[in-house]
Amino acid sequence: MAEACPAERKNSINDIINRDCASPSPTETVCSDVTSIVNVPGTSQNYLLLGNNLGFNNSLKNSEENQTLVKHSFLVRLNQEECDDEELQNSKTLDESQGVESPHNILSENDSNENISDGSVGEHPITPKSSLKRANSEFSERHWRKRKSIVQNGLPCKKLLPEICRISSPNHSFTFSDITFKAMGSAVSPEIAAPPSNAVTLSSGGLQTTPKLRSVIPTKDNPPPEMSEWLAQFQSWSNAERILAINELITRCEPTQVRHMMQVIEPQFQRDFISLLPRELALNVLSFLEPKDLLKAAQTCRSWRFLAEDNLLWKEKCREAGIDELPKRRGSPKSPGATSPWKAAYMREHMIEMNWRSKPIKPPKMLKGHDDHVITCLQFCGNRIVSGSDDNTLKVWNVSTGKCLRTLVGHTGGVWSSQMSGTTIISGSTDRTLKVWDIETGVCKHTLCGHTSTVRCMHLHGNKVVSGSRDATLRVWNIETGACLHVLVGHMAAVRCVQYDGKLVVSGAYDNFVKIWNPERAECLHTLEGHTNRVYSLQFDGVHVVSGSLDTSIKVWEVETGALKHTLLGHQSLTSGMELRNNILVSGNADSTVKVWDTVTGQCLQTLSGHYKHQSAVTCLQFNDRFVITSSDDGTVKLWDVKTGEFIRNLVALDSGGSGGVVWRIRASETKLVCAVGSRNGTEETKLLVLDFDVDLNANGVKDVATIVR
């Protein structure tokens, strides 16, 4: 190459400079390939090109000259690498006709040949052009300083300059990366050698050894040699020292390294801690889950299912849901879908609720009887329904088959009141008598005589029944013997409603008064005055008496003192029916609305009205912890949410509703609803409708769990 013409030398050097430093791995380590030995044009000195940069001059003696040469190499390379930058797009590369620029021209536009201290490099024949301006720009100088700092500090860089080695004496050998070089006069020859432990770098004092840069990707099997010492030091520290070291390490990490930490650390916390805990602790953790979430957890894995089937755990969930006893076993005696009896009870309760709320309603059973008469009273217990009518009879029905088992005949007037307990039914009639019947045989066991007018109301407790009559008196009877135990006299008009809890009797009458009685002494304890019209309905829980009147008000009284506690205002007409449970009162009114009250605070919690409200007077209602069921003269039965007051759906809607069809009475159990329907103008046949919301058991005796957790 020393014998080539200047143009050939220029082209050769350009070809070498334009080669990219091939990185042996994605870690982008320093390339240490020896490209060629080049003689600078116009001189007798040899230069070693390492990668894409000039390496050394074996005749330059001081570090300043080496720095000048290194800077020259960098700037030449910089012009090649940065030519695609947006701010250099309009600049041109080396002039093809002028050859390679000299180090003097690259350093400064005003520098001359005399700036080289030993004058060993003669005048260069190449004239600098556009590349001279680029080399002198702040952009190039800034990059030079940055690259120089990177080399001196040993920091990683995408294209790090190879280290520069200078031979201080002839026949001196040195090692760079994996290649050994020997200086012999003005020539340098490489020899392949084994991987050395150190590399030679240039310093102001001559040759100096520094740790060799690794060109192999570190792995678990091939870690950096210093890592074991670093880890041993870390393990010897206390917990506080380790935390401090970790914090410092994180602050020095790049975002990609922090993300790697997260990817490694996060799975460490995704552990099945439930299976690792002792059974007692695991069950305590699961007890905080809602039943629906507990059912989903049971489908996670076998160990979770074993824990989620714990019977005591589900017994507590049932208690929270108001399920106090196990239902009678139905279907298969042992179901694989629910090994815990209490879990099976909860699952059944949930499915029944969904049947009420949203599942398609099964076609009702129709129990036809009483011809075109009005069904005046209705009782439902177990598998038996008893209906009383103004046709002077009562009928006993089988809920499962829908058949009329027997007709109770004996009254000579219409039946207007009834009570039922077990296999015993008591009826009151306009014939002024009460009758005690055996449902199973249809035999009248006792006829209770004493009232002088229609027996309009009654209430049964244990083996005693209290009856109220239009003769303004109340009588206490023993249904086993048929004897009249006490007569309660004090009202001035017909007794319309009565309640009895086994100790006290509460009665409401058309004289606008409510009275509290001690039946054993036939004594009136309190007369509750406040209503300005007839009292039509009563509720009594042993602590409070609630009375509804034609004066549109509802009053809450204290039983012990007889004091008025609250007056509930909001209805616009007669309160025809009420139910009281756990301080929650639900009232139905002739103004077509239903209201939910808190008897402790006297506040109206919900008003069941709106777009879907009844279009006529509310005739009857039933409610539990979840639902309110109401019937009306408009021929519908509606289902409401007791907590939110929202309308859920119509359970019954007669075709004749609005034109004469009426739902007179309703009675509901957990799974069934019985409605007494008919009309006063012949548009609807008198009958009973029985709606079933029970669970359909599959072959395994239990519904698929997926329908519950959905």
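The values are calculated or read from the model by the stated rules, or taken from the named source; none is laboratory data. Everything numeric here is computed off the predicted structure, so don't read it as measured data. Backbone-built Cβ (ideal geometry, glycine too); neighbour counts: all protein chains shown. Note: accessible area is taken over every heavy atom of the protein model, side chains too, but ligands, DNA and RNA are not part of it. Shrake-Rupley method; radii C 1.70, N 1.55, O 1.52, S 1.80 Å.
Counting only Cα atoms, I'd like the Rg/Rh figure for segment 429-586, Kirkwood definition for Rh.
Details: Rg = 15.6 Å, Rh = 15.9 Å.
Here the Rg-to-Rh quotient is 0.98.
Any idea of TRP416's accessible area? Nearest 10 Å², probe 1.4 Å.
So the heavy atoms of TRP416 present about 90 Å² to solvent.
Report the local net charge at GLU320: Lys and Arg +1, Asp and Glu -1, summed over other residues whose C-beta lies under 12 Å from its C-beta. Kindly include the intermediate steps, with their values, before the conclusion.
Values: positive: LYS315, LYS317, ARG319; negative: GLU290, GLU316, ASP324, GLU349, ASP625.
With Lys, Arg at +1 and Asp, Glu at -1, the net is -2.
May I ask which of LYS395/LYS555; LYS343/LYS365; LYS565/LYS643; LYS643/LYS672; LYS292/LYS565; LYS395/LYS464 have a Cα-Cα span longer than 29 Å here?
On the way: LYS395/LYS555 36 Å; LYS343/LYS365 31 Å; LYS565/LYS643 24 Å; LYS643/LYS672 21 Å; LYS292/LYS565 41 Å; LYS395/LYS464 23 Å.
Where the Cα-Cα span goes over 29 Å, the pairs concerned are LYS395/LYS555; LYS343/LYS365; LYS292/LYS565.
Please state the shape class of segment 580-619: rounded when a/c is under 1.5, otherwise prolate if a/b exceeds b/c and oblate if not, all from the C-alpha gyration tensor.
Details: a/c = 3.06, a/b = 2.02, b/c = 1.51.
Prolate is the answer for segment 580-619, as a/c is 1.5 or above and a/b outweighs b/c.
Could you tell me the accessible area of ILE250 in Å² (1.4 Å probe, neighbours in place), rounded to the nearest ten?
Solvent-accessible area, nearest 10 Å²: 70 Å².
For ARG496, what accessible surface area do you get with a 1.4 Å probe? Give it in Å², rounded to 10.
Estimated to the nearest 10 Å², ARG496 gives 50 Å².
Given 4 °C and 1.567 mPa s, how large is the Stokes-Einstein diffusion coefficient of segment 249-380 in µm²/s, with Rh as the Kirkwood radius over Cα pairs? Mind showing how you got there, number by number?
Values: Rh = 19.5 Å.
Translational diffusion coefficient: 66 µm²/s.
Using a 1.4 angstrom probe on the protein heavy atoms only, line up GLU320, GLU325, GLU684 by accessible area, largest first. The partial results should precede the final answer.
Details: GLU320 115, GLU325 140, GLU684 30 Å².
The residues order as GLU325, GLU320, GLU684, largest area first.
Report the net charge of residues surrounding PHE380, where surrounding means a beta-carbon distance below 14 angstrom and charges are Lys +1, Arg +1, Asp -1, Glu -1.
Working: positive: LYS365, ARG384, LYS395, ARG665, ARG667, LYS672; negative: GLU670, ASP692.
Here the charged neighbours net out to +4.
On alpha-carbon atoms, Rg over Rh for segment 389-507 using Kirkwood Rh? Walk me through the numbers before you get to the answer.
On the way: Rg = 13.9 Å, Rh = 14.3 Å.
Computed over Cα atoms, the ratio is 0.97.
Scale the Cα Rg of segment 557-685 by the rule-of-thumb value 2.2 N^0.38 Å and send over the ratio, two decimals.
Ratio of Cα Rg to 2.2 N^0.38 Å: 1.09.
What is the extension gain from VAL258 to GLN615, computed as 0.36 nm multiplied by their sequence separation minus the C-alpha to C-alpha distance, in nm to one decimal? Before the final figure, lay out each step's value.
On the way: separation 357, 0.36 × 357 = 128.52 nm, distance 6.76 nm.
Full-extension gain reported as 121.8 nm.
Starting from the 7 Å offset along Cα-to-Cβ, what nm value, one decimal, do you get for the label separation of SER358 and MET492?
Label at SER358, label at MET492, 5.7 nm between them.
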